[in-house]
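The values are calculated or read from the model by the stated rules, or taken from the named source; none is laboratory data. Everything numeric here is computed off the predicted structure, so don't read it as measured data. Neighbour counts are summed over all protein chains in view; Cβ atoms, including those assigned to glycine, are modelled from backbone coordinates with ideal geometry. The protein model used for the area step is the full one, side chains on, heavy atoms only, and it has no ligands, DNA or RNA in it. Shrake-Rupley method; radii C 1.70, N 1.55, O 1.52, S 1.80 Å.
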Amino acid sequence: MSAFEQRPDPPYRRIAAEFRARILAGELRAGDRMPSIREIARRWGVAIATATKVMAALRDEGLVEARVGAGTVISARTGQERQVRAPAPVRPRPVGGSRQVLDRGQLLRAAIAIADAEGLDAVTMRRLAADIGVGPMSLYRHVAHKDELVIQMVDEVFGEMELPDPEAGEWRSRLELMARRQWQLCRRHHWMPRAVSFTRPLLVPNMMAHTEWTLRALDGLGLPIATLMREALALHGLVVTAGLSMADEIDAEQDTGVTLTGWWHARRQRSDELLGSGRFPLLAVIPPDVVSDLDGLFEYSLARHLDGFAALVEGRRD
């Protein structure tokens, strides 16, 4: 018997292939909403875990993306804006043969892909080993336990961002650049804000490089080093806080299958009763998308924070 046995694709790959074909054919277009994980499970008669892997596979290919307030939608990079390639064929796993050699980069990429699709709770040694196609004990050559794995995942994610020249431009534009790039990291890896701490920081080089960059960007303002460090932490905290709100919304949608729009629709009658009572005249005139616009909230928070720090800098100069 051959060392490799050809097996049919698992259900999640077949379902993902159906969505891929519809996207490539133009039946599903950029911005169209994907069915929820629960809806996929119900339609195709599969488990929630299988439906979750369908969504993860489509995300990995760049075909879909999570969008706060809309759920998971067809990515804007599909169609004419981005040539979509089908995933490379998966080699059948050996039956009774030798297992593949695992390296640290492969381990971290697999763990990050799971966390991006399903959250940190879904990242387990057993799940990782199954996805990669190695024995669980192979993972322990690289990490001692899950906590160490998460630390290395965070370091890997922070390493994705190429740091610019910390001395280019004036201090405000430098901090805006850093904050917005970290915000994009949070959008790509919504689990990341839950993995970092301020009082017990992760001692990993890529994350430390971000802090060092911010300190260098502020150097020369005539402020004490303690003030510079607090500003670096405050700026990072602003990004993380916005990232946590986004992560909560993504998790809520995945757990319930209800988008933010659907959640508000279900509460429309109660909302109309309260806002139409006359007790809350200012709340009643607020546009409905203001609360759910996390990008707008992030930009507002960043601008007001830097306004305050600018007053500190100017006061020091005076």
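Assorted remarks:
- Residue check, V134 over 15 Å from R109 (Cβ atoms), among the hydrophobic types (A, V, I, L, M, F, W, C) and over 13 Å from the mean Cα position of the chain (by Cα): no
- Contact map, the range 204-231: first residue at positive phi, second residue exposed (fewer than 14 other Cβ atoms within 10 Å of the Cβ), Cβ cut-off under 8 Å, separation 6 or more or different chains; pairs are G222/R316; G222/R317.
- The single condition from (1) β-branched (V, I, T); (2) modelled with pLDDT under 90; (3) under 25 Å from G308 (Cα atoms) that I225 fails is (2).
- The helices (runs of 4 or more DSSP H) found entirely in the range 196-314 that carry 2 or more residues being of a type in the set (G, A, S) and under 25 Å from E167 (Cα atoms) are 205-218, 225-256.
- Matching residues, the range 102-130, being open to solvent by 50 Å² or more (accessible area, probe 1.4 Å) and under 19 Å from the mean Cα position of the chain (by Cα): R109, D121, T124
- Listed by first and then second residue, the pairs linking a residue in the range 244-260 that is touching a residue at least 24 places away in the same chain (Cβ under 8 Å) to a residue that is of a type in the set (F, W, Y), with Cβ atoms under 7 Å apart and 6 or more places separating them unless they lie on different chains, are A247/W191.
- Members of the range 20-77 found to be of a type in the set (F, W, Y) and under 24 Å from A110 (Cβ atoms), listed by number: none
- One residue alone among V258, V290, V239 is in contact with a Phe, Trp or Tyr (Cβ under 6 Å, 6 or more places away or on another chain), open to solvent by less than 90 Å² (accessible area, probe 1.4 Å) and at negative phi, and that residue is V239.
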